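Report on the following structure.
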Amino acid sequence: MHNICTLCKREFASYFATPLAFVFIVIFLVLTGVFTFFIGGFYERGQADLAPFFSYHPWLYLFLIPALSMRLWAEERKSGTIELLMTLPVTVWQAVVGKFLAAWAFAGLALALTFPMWITVNYLGDPDNGTIVAAYIGSFLMAGGFLAVGGCISAATRNQVIAFILTAVICLFFFLLTGFGPVINVFSGWLPQPVVDALASLSFLTHFSSIAKGVIDLRDLLYFATLIVAWLVANAIVLEMKKAD
């Protein structure tokens with residue numbers, strides 16, 4: 001645990017050693033504001049809630065999280081520093097978890113910096129703050145899921161652009177083929193309903209939407225936990241295979 005914490009702190013600090021952290025945070029905050037107040041019609045809706053804010057998070061993460069995760073391992077492999085990392089007194093699993101937690105903490109920081117929107121909606125009305133808290137938790141868990149996928153893909157290639165594209169495509173698959181309403185309706189026309197339900201249960205969107213409504217179901221928490229652990233295990237396996245090459 002000590003090794004994981006040490007590596008996590010080192011990796012988290014490294015984000016702020018370059019303009020990457022500030023560029024990512026600024027872009028995230030600007031886009032969430034644009035989608036919430038302009039595209040989402042926050043004022044026109046006349047409701048004191050953050051539904052427009054959270055409804056666009058999956059689509060923002062589809063592009064922003066792969067941009068964050070693509071450097072996790074691809075940069076290490078390209079620069080050759082991965083060999084140095086593996087000589088440190090840490091196991092592959094500790095390195096994977098440490099780097100993932102650092103990236104997840106950074107994504108959580110960017111999400112936490114949107115708190116002025118929460119203050120704004122409370123100033124303008126009387127929102128259900130319990131639902132807002134649940135939606136923040138769901139958004140944070142979804143970011144973790146995206147990062148776990150992205151970390152595994154990043155470990156498989158030296159090219160950050162390829163890592164970005166593959167991560168975005170895989171996450172889009174989880175959206176469009178398993179959780180996006182119009183696509184699910186297409187499947188409903190020729191697949192048995194139990195199969196359609198099974199596909200929907202694999203979706204980021206399905207589980208995030210459930211939590212964003214204020215219902216924190218154990219099944220949704222287990223889904224994200226299982227998803228993250230599974231991709232982290234795959235990440236460690238990929239690194240072990242690369243070591244053997």
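The values are calculated or read from the model by the stated rules, or taken from the named source; none is laboratory data. What you see is a predicted model, and the numbers here were worked out from it, not measured in a lab. Every residue, glycine as well, gets a Cβ built from its backbone with ideal geometry; the counts of neighbours run over all protein chains shown. When the accessible area is computed, the model is the full protein with side chains, heavy atoms only, and any ligands, DNA or RNA have been set aside. Shrake-Rupley method; radii C 1.70, N 1.55, O 1.52, S 1.80 Å.
In a GNM of the chain with a 10 Å cut-off on Cα contacts, which of Ile27, Ile119, Ile65 has the highest mean-square fluctuation? Largest GNM mean-square fluctuation: Ile119. The H on the amide N of Asp49, modeled in the peptide plane, is under 5 Å from the matching H of no residue at least 5 residues off or on a different chain. Cβ-Cβ distance of Ile137 and Arg45, R₀ of 25 Å, FRET efficiency by 1/(1 + (r/R0)^6): the value works out to about 0.60.
Were the residues from Val23 through Phe37 laid out at 0.36 nm apart, the gain over their Cα-Cα distance would be 2.9 nm. Helix 129-155 and the longest principal axis of the C-alpha atoms of the chain enclose an angle of approximately 30°. Here the label points at Val215 and Asp197, each 7 Å from Cα along the C-beta direction, are separated by 1.4 nm in the simple model. Once you keep just the Cα pairs under 8 angstrom separated by 6 or more residues, what percentage relative contact order results for the chain? Relative contact order here is 26 percent.
In order along the stretch 19-33, the Karplus-derived 3J(HN,Hα) couplings, from 6.51 cos²θ - 1.76 cosθ + 1.60 at θ = phi - 60°, round to x, 3, 4, 5, 5, 4, 5, 4, 4, 4, 5, 5, 5, 5, x Hz, and Gly and Pro are given as x.
Spatially close Lys pairs in the chain, defined by Cα atoms under 27 Å apart and a spacing of eight or more places or different chains, total 9.
Per-residue packing, averaged as other Cβ atoms within 10 Å, sorts the ranges 109-115, 139-145, 55-61, 122-128 into the order 139-145, 55-61, 109-115, 122-128, beginning with the highest. If every alpha-carbon in the stretch 1-132 counts as one equal scatterer, what log10 I(q)/I(0) does Debye give at q = 0.16, 0.20 1/Å? Debye curve over Cα of the stretch 1-132, log10 I(q)/I(0) at q = 0.16, 0.20 Å⁻¹: -0.85, -1.11. 3J(HN,Hα) couplings calculated from phi for the stretch 220-234 with the Karplus curve 6.51 cos²θ - 1.76 cosθ + 1.60 (θ = phi - 60°) are, in sequence order, 5, 5, 5, 4, 5, 4, 5, 4, 5, 4, 4, 6, 5, 4, 4 Hz; Gly and Pro show x. With each label modelled as a point 7 angstrom along the Cα→C-beta vector, the Met1-Val169 pair spans 4.1 nm. Working note: Karplus 6.51/-1.76/1.60 with θ = phi - 60° gives the stretch 201-214 the couplings 5, 8, 8, 4, 5, 4, 6, 5, 4, 5, 5, 5, 7, x Hz, where Gly and Pro are set to x. Using only the Cα atoms of the chain, build the gyration tensor, take square roots of its eigenvalues as a ≥ b ≥ c, and label the shape rounded, prolate or oblate: rounded if a/c is under 1.5, else prolate if a/b is larger than b/c, else oblate. Oblate, since a/c reaches 1.5 and b/c is not below a/b. Based on DSSP H segments of at least four residues, each scored -39500 (n - 2.57), the chain has a per-residue ellipticity at 222 nm of -24500 deg cm²/dmol. Accessible surface calculations at 1.4 Å, restricted to protein heavy atoms, place the stretch 85-174 at 40 Å² per residue. Translational diffusion coefficient of the stretch 10-81 (Stokes-Einstein, Kirkwood radius from Cα pairs, 4 °C, 1.567 mPa s): 92 µm²/s.
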